[in-house]
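Read the structure below first, then the notes.
Bear in mind that the values in this text are calculations on the coordinates, not laboratory data. It should be emphasised that the depicted structure is a prediction, and the values quoted were computed from it without experimental measurement. FYI the Cβ positions are ideal-geometry reconstructions off the backbone, even for glycines, and counts take in every protein chain you see.
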Amino acid sequence: MQLIIQGKNIEVTDRLREYVEKKVSRLDRYMPDIDEARVELATESARSAEHRQVAQLTLRAKGKILRAEERTEDIFSAIDVMVNKIHRQIARYKGKRRGRERGVEELLPADEFYLEPEEDELARRVVRTKRFNMVPMDEAEAVEQMELLGHDFFVFYNVNDDGVNVLYRRRDGNYGLIQPVLR
């Protein structure tokens, strides 16, 4: 597993780097096919001190991407909670795969992690399907349409790249654009 640690408005000290390496390297036991783990640590200006330290982890494994983010007042606790979140995602992912293979859902060992799945996580399912007509548009029109609807995301057919894209509002007030690529 290749581990990449980046800092934004925060110095990644040796102590911090070792702490991240120790925590993230444990994930390899539960998902050994991880190709890359990217950890982004940041200090952001927020109204509340409770949300200033940000830790984000993105795992790439065999075409799958798992992502977790946590905001707290202490960077070390943000790292701990972020790793627990990603471990729960790995457990759900592995459980779903094993469930399909064997017909029974199994969880991974949780010796070093606090794992307690919430009831609503276990009962989640698709309860509604929605179909709609798409009008081809560019990103600027999509932003305008999303604002008119008052939504946090908008699915549209992008005339600039000839495909379906997802526009979303980021926490910082800017926009993100997801452009799927078929493999």
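Listing for the model above:
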read-out	value
Backbone HN-Hα couplings from phi across region 65-80 [Karplus 6.51/-1.76/1.60, Hz, Gly and Pro as x]	10, 10, 9, 9, 9, 9, 10, 9, 8, 10, 5, 5, 5, 5, 5, 4
For Tyr175, residues with placed amide H under 5 Å, excluding near neighbours	Arg170
Environment charge at Met82 (Cβ cut-off 9 Å; Lys +1, Arg +1, Asp -1, Glu -1)	-1
Distance (nanometres) between label positions extended 7 Å along Cα→Cβ at Arg47 and Ile4	3.4 nm
Ordering of 52-65, 145-158 by burial proxy (mean other Cβ atoms within 10 Å per residue, highest first)	52-65, 145-158
Contour excess over end-to-end distance, with Cα ends at Gln89 and Arg125 and 0.36 nm allotted per residue	11.4 nm
For region 126-183, convex hull of alpha carbons as volume per residue, Å³	125 Å³
